[in-house]
Amino acid sequence: MKFKACLLATMALVASNALATEPDTELGLSGVHFELDKRTNVRKVFDKQAEQAPVDGELSMALYAKTQKRLAESFDQPMPDRIGESSSGD
């Protein structure tokens, strides 16, 4: 009996609250706010992919970092004047 009375009272409060609010006001839990995900679809895909383990054919993070470091170091060496010349000094 108490359950029915509580349920009826709750329904009355919710209905009166809904009628008292302005038409464009969203109903919901008081004080609870959810942040919208403002990332683009591409960013969401990239973030999801970054969280997953590498699949066959993908480079591990360590190997990728080493590759990028070697590539950056290759730009520190001068470009040879002719193709036949070596820029490493050999």
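The values are calculated or read from the model by the stated rules, or taken from the named source; none is laboratory data. Nothing here was measured: the structure is a model prediction, and the numbers come from that model. Cβ placement follows ideal geometry from the backbone for every residue including glycine, while neighbour counts extend to all protein chains displayed. Heads up: the accessible areas ignore ligands, DNA and RNA and are worked out on the full protein's heavy atoms, side chains in. Shrake-Rupley method; radii C 1.70, N 1.55, O 1.52, S 1.80 Å.
Overview of values
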read-out: Residue match in the stretch 46-67 (condition: at pLDDT 65 or above, in contact with a Lys or Arg (Cβ under 8 Å, 6 or more places away or on another chain) and open to solvent by less than 80 Å² (accessible area, probe 1.4 Å)); value: yes
read-out: Selection from the stretch 68-82 of residues that are open to solvent by 80 Å² or more (accessible area, probe 1.4 Å) and either charged (D, E, K, R) or assigned to a loop (DSSP other than H, G, I, E, B) (or both); value: LYS69, ARG70, GLU73, PHE75, ASP76, GLN77, PRO78, MET79, ASP81, ARG82
read-out: Residue check for ALA18: in a helix (DSSP H, G or I) and modelled with pLDDT of 75 or more; value: no
